[in-house]
Amino acid sequence: ADIPVEKINIINYAFANINPSTGTIVLGDPYADIDLYYPGDCWDAGCLRGNFYQLQILKDQYPHIRTLISVGGWTWSAYFSDIAMTDETRTTFAQSCVEFVVEYEFDGVDIDWEYPVEGGLPGNHNSPEDKENFTLLLQKLRELLDEQGNIDSKDYLLTVATSANPNYVENIEVDLIHQY
């Protein structure tokens, strides 16, 4: 209710997480995301509530607003290396992201991997191959988002949270990822 919609066009909702067992996107805070009651919300079985529903209402009222689900962040980047490792794991994760944005009516996905190759919280999984696998993960996401966009006539966004820190820039393929 307090978002200055006349001043913005994109809202990144932070954060969704990665299920390490399935390699899929999962709700970050299920209660706040889809169950928190706001005045006027429905209590019937199957009714969406929470912040996701409030974003849908906002988008209905202000059609210029687009929303993205941000995945990861400082706290939930532990398993990006795992889901980016193979074509199979990238496909599983990307497909789950597409299903997530369709189900909750987001306009795209934001990847906030902190950080490919090295860094982030202790316990984060890292690999020297993360540099190339990050690009391949974005490529797979772009491919599947575009396929879904062709089905439902939408242009899904794909963004990344990045840093200008030289270590970070050295650990991603800056010259390749922009196309995705």
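The values are calculated or read from the model by the stated rules, or taken from the named source; none is laboratory data. In this text the structure is predicted, and so the values were computed from the model without any measurement. Every residue, glycine among them, receives a Cβ derived from its backbone with ideal geometry; neighbour counts consider all protein chains shown. Calculation scope for accessible area: heavy atoms of the full protein, side chains included, ligands and nucleic acids excluded. Shrake-Rupley method; radii C 1.70, N 1.55, O 1.52, S 1.80 Å.
Structure above, values below:
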quantity	calculated
4 °C / 1.567 mPa s Stokes-Einstein diffusion coefficient of the chain, Kirkwood radius on C-alpha pairs, µm²/s	76 µm²/s
Accessible surface of the range 3-91 [probe 1.4 Å, protein heavy atoms]: carbon and sulfur percent	56 percent
Percent of C-alpha pairs per 10 Å bin, the range 26-104, short to long	15, 40, 30, 14, 1
For the range 49-155, the spread of Cα positions along each principal axis, largest first, Å	45, 28, 20
Average accessible area per residue (Å²) across the chain - probe 1.4 Å, nucleic acids and ligands excluded	52 Å²
Cysteines in the chain that, by Cβ-Cβ distance, have no pairing candidate under 4.7 Å	Cys97
For the range 105-173, the spread of Cα positions along each principal axis, largest first, Å	40, 22, 19
Rounded tilt (10° steps) of 130-152 against the dominant C-alpha axis of the chain	30 degrees
Linear extension gain, Thr162 paired with Asn9, 0.36 nm per residue minus alpha-carbon span	53.1 nm
Separation in nanometres of the label points that stand 7 Å from Cα toward Cβ, at Gln56 and Glu143	3.1 nm
Summed residue charge, Cβ within 9 Å of Trp74's Cβ, Lys/Arg positive, Asp/Glu negative	-2
Local electrostatic count at Leu36 - Lys and Arg +1, Asp and Glu -1, tallied over other residues with Cβ under 10 Å	-3
Value of [θ]222 nm, deg cm²/dmol, for the chain, DSSP H segments ≥ 4, -39500 (n - 2.57) each, nearest 500	-11000 deg cm²/dmol
